[in-house]
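Asks: This structure is in structure tokens; I'll ask about it shortly.
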Amino acid sequence: MSRGKVNPWLWVAGIVLLATLIALPFGLSFSQREVAVLLVINVLLVSSYRLMTLTGEWSLGHVVIMGVGAYASALFSKRLGVPVPISMLLGAVTAGAVAALLSFPLFRMKGFYFLIGSFAAGEVIRLIWKYFTNPFGGPKGLKLIPGFPDIGPISFFEPLPYYYLCLIVVGMSLFFLYRIERSRIGLTFHAIHWQDKLAESVGVNTFSYRMLAFVLASTFAGLCGALYVHYIGTINPNRFDVEEMVFVLIWAIVGGTATFYGPILGVVVLTVINEVILRALGFDTARPMIYGFILIASVLFLPNGLESLVPKLQAWRTSRRTAPEGTPASEEKA
Amino acid sequence: MKNLLARTRLDRRDFLSASAAAMSVAATGVVPKVAFGAEKTVKIGFLAPLTGAVAAWGKPGLDGCQIWADWVNDAGGIKVGDDSYKVEFISYDNEYDPGKARAGAAKLIKEDGVKFIMMLGGDTWPGVQPIAENEGMLVSTLLPSDLTPNTKTLIAPCEVHPIYNVTGVEWLAANKPDAKKAVICAQDDALGKPSVATYLAAFEAAGIEVVDDPLFFDPATTDFAPVMTRLLSTNPDILCLDTCYADYVHPLCEQAFQQGFKGTIISCTADFYPKIVEKTSKEFMEGFIFQFPDFDDPALNQPGVNFPKPNEFYAEYAKRYGEAEWGAVSWEYASIMDLWADAAGKAGSVEPADVLKAMKEGGTGKHAFGDAKWWGTELFGIDNALVGNWPVVVIENGKAVIKEFRSIPDWWDKHKDLMVKHMTALGQMWNQRG
């Protein structure tokens with residue numbers, strides 16, 4: 001297919017997906033809508049994390065950076081009286097700015113050292129939140145943080161309007177992330193991942209591009225934090241500890257990071273299993289064990305992530321369509 | 001018979017279809033959880049961590065509530081007005097996460113129709129607060145540091161954490177007068193800090209010197225050897241473990257044992273202490289002071305203790321879940337239910353506002369360890385904490401024994417200035433939080 005032409009089936013699939021996402025809350029219970037809000041935010045979180053991994057660096061500080069956006073947005077609105085929509089943007093910008101500062105020490109490292117360095121940097125930030133009760137609230141954090149302002153009769157305290165708000169913000173952000181990946185910048189990220197020395201030899205400033213990926217990913221992570229904090233209304237340093245980061249890694253690994261949709265599949269499937277199905281089946285206390293079992297099974301049987309199922313499914317459908325007469329596939333079709 | 005079996009045998013397709021149907025029915029919640037015929041049922045929410053690092057202060061409480069519900073329901077339910085109500089607990093694991101606590105509160109209130117929610121509180125309460133206030137839901141917490149003048153429907157009717165810790169220190173000072181130097185450690189979180197302030201006040205009131213600054217370690221700490229080395233470097237007589245979670249108390253004790261500590265250990269809790277005794281020794285753990293008794297203790301049968309049939313409750317708990325699973329909160333949520341049921345009976349209603357009014361009528365209430373008063377304005381900005389006597393528990397020959405019940409209000413009347421001073425210094429007064 002030539003560049004610029006889009007498969008019409010993709011348009012249909014996109015419209016169906018959009019309609020499903022719009023209609024989804026009406027098929028959910030009230031508490032499931034609450035879960036849906038957090039899920040939509042986490043979709044952006046894990047997608048922004050993937051942008052970071054495009055350059056080949058895996059960070060353990062992404063959730064802390066989300067916290068930077070959350071704290072910044074909370075403080076701008078609570079202490080300085082900045083309107084919440086603006087404070088959300090400022091929170092995202094602050095997270096990006098902090099990432100830019102961290103880039104200088106962190107990108108002196110690569111691979112495993114970068115991973116550990118990002119963990120250490122995240123812990124320093126968390127300790128700052130704990131140590132300075134003013135303005136960060138110390139270990140207990142901040143509470144009674146203003147929510148997104150009502151628009152006429154629409155109260156964003158309720159999960160339904162907030163779901164749609166998040167859907168719009170996250171949808172726009174995902175589009176932006178997708179376009180970045182498909183641009184020359186995104187191709188350069190990939191080049192740095194696979195052949196950084198070669199990229200340098202043709203004049204690519206790898207530090208700048210790594211920094212750009214880190215700052216962009218952090219800005220969107222900060223936006224996630226801002227969306228979270230103005231919905232939940234409270235924040236504390238433990239919310240952004242390494243245990244939460246492990247969940248982001250799990251979503252990315254189980255979903256796969258080779259495609260744009262891989263981590264999204266991971267977060268959606270695992271959240272639905274953990275928060276909806278297992279709870280509904282009454283496995284409240286057994287959930288960590290079952291969750292662990294699912295992880296082990298997925299690593300064993302789907303080492304390339306859930307995303308690896310999609311081409312297999314497509315190949316299967318193609319083989320069904322093109323199977324010659326008399327073969328089992330064509331008989332099944334008939 | 002063989003033919004019958006052959007006729008009714010499921011093939012793989014039938015089995016999968018039937019399983020899938022059963023799973024989807026269960027998943028959509030169509031299956032009734034408990035059926036009590038035509039009798040009325042009141043649902044109570046249990047919103048606490050049932051998994052994760054803080055599960056020790058949630059799961060044993062739910063287990064205790066199940067015993068409470070079985071006993072009450074077997075006896076015909078609770079009498080409210082002209083009706084008898086069976087009690088059904090609906091639990092939701094909030095994983096000690098405010099976002100999940102909010103989702104849980106929404107489910108319990110809007111979908112399950114509970115009339116009362118019991119929580120551990122702490123980090124999770126701010127996530128629940130707006131929805132509870134909007135819905136006028138009565139909520140209990142074990143952590144009164146959640147209380148503020150605005151939390152009108154939040155009560156701390158059982159555990160006035162950490163104020164009761166003063167009774168342990170008072171007992172220690174009276175019974176081990178030679179112990180004069182103490183050190184304190186705590187995890188750096190919302191539970192650790194107010195508890196440190198309380199121990200500092202209690203030690204000062206008892207004339208015990210705290211020889212080093214309290215050591216706050218990160219909740220993610222897993223290696224406690226350096227923590228203990230630093231604590232023992234000043235050669236203290238008393239090692240105070242503050243309100244550390246069970247996951248910290250156990251390794252801290254092991255480290256103290258391995259590093260040769262010979263003094264007295266005092267701690268808010270010693271959940272699953274038989275496992276600590278196993279890992280150390282009976283001799284090492286002899287004289288360990290904490291605040292949460294085993295309910296097989298005969299001292300709980302003395303007049304004035306309001307918890308009904310404590311020894312039988314403990315025996316049933318040990319039978320169902322194992323003696324080693326008994327923890328600080330195993331009885332607490334059940335004792336809150338006693339108070340709630342009593343208030344619902346008085347109010348003639350299970351509606352939250354009516355129950356709260358009846359509960360606080362006269363300014364006193366029947367706390368598990370004796371009659372107590374609703375208190376807290378000076379510390380929390382609201383009189384929604386029920387405070388009275390609290391037991392001092394000491395491990396003797398590998399077993400927890402209640403040594404004495406001491407009055408928290410009496411200590412408060414004498415030393416409240418010290419408490420306010422230390423709480424203020426650590427930023428823990430209600431008007432300093434968040």
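Asks: Between their Cα atoms, which of A:Lys143/B:Lys193; B:Lys360/B:Lys399; B:Lys152/B:Lys373; A:Lys140/B:Lys180; B:Lys59/B:Lys346 are more than 28 Å away from each other? Could the numbers behind the result be given before it?
Replies: Values: A:Lys143/B:Lys193 17 Å; B:Lys360/B:Lys399 36 Å; B:Lys152/B:Lys373 17 Å; A:Lys140/B:Lys180 32 Å; B:Lys59/B:Lys346 30 Å.
Among A:Lys143/B:Lys193; B:Lys360/B:Lys399; B:Lys152/B:Lys373; A:Lys140/B:Lys180; B:Lys59/B:Lys346, the Cα-Cα distance tops 28 Å for B:Lys360/B:Lys399; A:Lys140/B:Lys180; B:Lys59/B:Lys346.
Asks: Efficiency by 1/(1 + (r/R0)^6): what FRET value for A:Phe30 and A:Asp284, r their Cβ-Cβ distance, R0 = 25 Å, to the nearest 0.05?
Replies: Working: r = 18 Å, r/R0 = 0.74.
According to the calculation, E is roughly 0.85.
Asks: Quick check: the angle from helix A:309-322's long axis to the longest principal axis of chain A, C-alpha only, nearest 10 degrees?
Replies: With rounding to tens, the tilt is 20 degrees.
Asks: Hey, which aspartates and glutamates would be in cross-link range of B:Lys366, C-alpha to C-alpha under 17 Å, not counting anything within fewer than 8 residues on its own chain?
Replies: By straight Cα distance, B:Lys366 reaches B:Glu159, B:Glu332, B:Asp338, B:Asp342, B:Asp383.
Asks: Then there's this: Between the helical axis of A:8-23 and the dominant principal axis of chain A, each derived from Cα atoms, what acute angle in degrees is found, rounded to the nearest 10?
Replies: Between helix and principal axis, roughly 50 degrees.
Asks: If the cut-off is 23 Å between C-alpha atoms, which lysines fall inside it for A:Lys197, apart from same-chain ones fewer than 8 positions away?
Replies: A:Lys110
Asks: Pop the C-beta distance of A:Phe301 and B:Lys414 into the FRET formula with R0 = 60 Å and round what comes out to the nearest 0.05. Let's see the in-between values first.
Replies: Values: r = 66 Å, r/R0 = 1.11.
Taking R0 as 60 Å, the efficiency between A:Phe301 and B:Lys414 is 0.35.
Asks: Which angle between 0 and 90 degrees, to the nearest 10, do you get for helix B:125-135 versus the longest principal axis of chain B when only C-alpha atoms count?
Replies: Roughly 50 degrees, rounded to the nearest 10.
Asks: Still on this structure, please answer the following. So if I take the centroid of the Cα atoms in segment A:239-254 and the same for segment B:244-321, what is the distance between those two points in Å?
Replies: 35
Asks: Also: According to the square roots a ≥ b ≥ c of the eigenvalues of the Cα gyration tensor, what is the shape class of segment A:233-280, taking rounded for a/c under 1.5, prolate for a/b larger than b/c otherwise, and oblate for the remainder? Don't skip to the end; give the middle numbers.
Replies: Working: a/c = 2.40, a/b = 1.29, b/c = 1.86.
Verdict is oblate for segment A:233-280.
Asks: Quick one: what are the phi-derived ³J(HN,Hα) couplings along segment B:358-365, Karplus 6.51/-1.76/1.60 with θ = phi - 60°, whole Hz, x for glycine and proline?
Replies: 5, 5, 8, 4, x, x, 10, x
Asks: Quick one: which residues, 5+ away or cross-chain, put their amide H under 5 Å from the amide H of B:Ala385? H built at 1.01 Å from N.
Replies: Amide H neighbours of B:Ala385: B:Ala156, B:Trp375.
Asks: Taking amide H positions as placed in the peptide plane 1.01 Å from N, state which residues far from B:His367 in sequence (5 or more) or on other chains have amide H under 5 Å from it.
Replies: Amide H neighbours of B:His367: B:Ala372.
Asks: I'd like the chymotrypsin sites (Phe, Trp or Tyr not before Pro) in segment A:116-165 restricted to DSSP loop residues with at most 16 other Cβ atoms within 10 Å, sorted by number. Please list the in-between numbers first.
Replies: Details: sites: A:Phe119, A:Trp129, A:Tyr131, A:Phe132, A:Phe136, A:Phe156, A:Phe157, A:Tyr162, A:Tyr163, A:Tyr164; in loops: A:Phe132, A:Phe156, A:Phe157.
Filter output for segment A:116-165: A:Phe132, A:Phe157.
Asks: On to the next question. Amide H to amide H, which residues 5 or more places from B:Ile90 or on other chains are under 5 Å from it, using H placed in the peptide plane?
Replies: B:Ile44, B:Gly45, B:Phe46
Asks: Would you kindly derive the ³J(HN,Hα) couplings of segment A:271-278 from the backbone phi angles with the Karplus curve 6.51 cos²θ - 1.76 cosθ + 1.60 (θ = phi - 60°), listing them in order in whole Hz, with x for Gly and Pro?
Replies: 5, 4, 4, 6, 9, 10, 5, 5
Asks: Using packing as a proxy for protection, rank B:66-76, B:164-174 so that the peptide with the highest average count of other Cβ atoms within 10 Å comes first. Please list the in-between numbers first.
Replies: On the way: B:66-76: 16.0, B:164-174: 22.7.
The densest-packed peptide leads the list: B:164-174, B:66-76.
Asks: If you take each beta carbon of peptide B:215-222 and count the beta carbons of other chains within 10 angstrom, what is the mean?
Replies: That works out to 3 on average.
Asks: Which residues in segment B:313-335 have a backbone N closer than 11 Å to a point placed 7 Å from the Cα of B:Ala75 along the Cα-to-Cβ line?
Replies: Of the residues in segment B:313-335, none has backbone N under 11 Å from the label point off B:Ala75.
Asks: Taking neighbour Cβ counts within 10 Å as the exposure measure, how do B:Asp342, B:Asp146 sort from fewest upward?
Replies: Numbers: B:Asp342 17, B:Asp146 28.
Ordered from fewest to most neighbouring Cβ atoms within 10 Å, B:Asp342, B:Asp146 come out as B:Asp342, B:Asp146.
Asks: For A:Thr20 and A:Ile86, compute 0.36 nm times the residue count separating them, minus their Cα-Cα distance, and round to one decimal in nm. Can you show the working numbers first?
Replies: Numbers: separation 66, 0.36 × 66 = 23.76 nm, distance 2.97 nm.
Between A:Thr20 and A:Ile86, full extension yields 20.8 nm more.
Asks: Right, here's the next one. For A:Tyr261, B:Tyr92, what's the fewest-to-most ordering of other Cβ within 10 Å of each Cβ? Kindly include the intermediate steps, with their values, before the conclusion.
Replies: Details: A:Tyr261 18, B:Tyr92 24.
Arranged by neighbour count, lowest to highest, A:Tyr261, B:Tyr92 become A:Tyr261, B:Tyr92.
Asks: How many nm separate the modelled label positions at B:Lys399 and A:Met109, each set 7 Å beyond the Cα in the direction of the Cβ?
Replies: 5.3
Asks: In whole Hz and in residue order, list the ³J(HN,Hα) couplings for segment A:136-150 that follow from phi through the Karplus curve 6.51 cos²θ - 1.76 cosθ + 1.60, θ = phi - 60°; x for Gly and Pro.
Replies: Values, residue by residue: 8, x, x, x, 7, x, 10, 9, 6, 7, x, x, 5, x, 5 Hz.
Read-outs throughout are calculated quantities, based only on the coordinates presented, and are distinct from any laboratory measurement. Values in this document were obtained by computation on a predicted structure and should not be read as measured data. As a convention, Cβ positions derive from the backbone with ideal geometry for all residues, glycine included, and neighbour counts pool all protein chains shown.
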